[in-house]
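Q: Questions regarding the structure given below will be posed in turn.
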């Protein structure tokens, strides 16, 4: 019985492999651009942020926005003098929606009375919808809050 020897010279079709790689590279390049464009500049509210020694002495007011199932509550911390004069509202949530324009206008009024207010922390509930948190953060950015943070659950 004779055993036939197979040829060890196989040709690989490189054209399909190269076209597959080019499509993957283009996809990765486009996805990195869109990921960078679609990001928000936010910080974690607790920990992670380094506080400068000059900032420790200055207690700037902070806006805390708490999202519940039926309302959005606003509180200003580190500024007790005007706490009663600010007349902070609670915005009711009906059918998963609230008045974004009214919230933005109210925060603008607060910033007029407290020009040092540049920092806000959003505290979502465990049942808060991601889209609602993003809408709330957009409203705060439009109102003039430059530093946003999210408090972890």
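Q: Which of 20, 63 has the fewest other C-beta atoms within 10 Å, and how do the rest follow up to the most?
A: Final ranking by Cβ density, sparse to dense: 20, 63.
Q: By counting other Cβ atoms within 10 Å of each Cβ, how are 121, 17, 91 ranked from fewest to most?
A: Ascending Cβ contact count within 10 Å gives the list 17, 91, 121.
Throughout, read-outs are computed from the coordinates displayed, never taken from laboratory work. What you are looking at is a predicted structure, and each value in this text was computed from that prediction instead of being measured. So basically every Cβ, Gly included, is an ideal-geometry build from the backbone, and we count neighbours across all protein chains shown.
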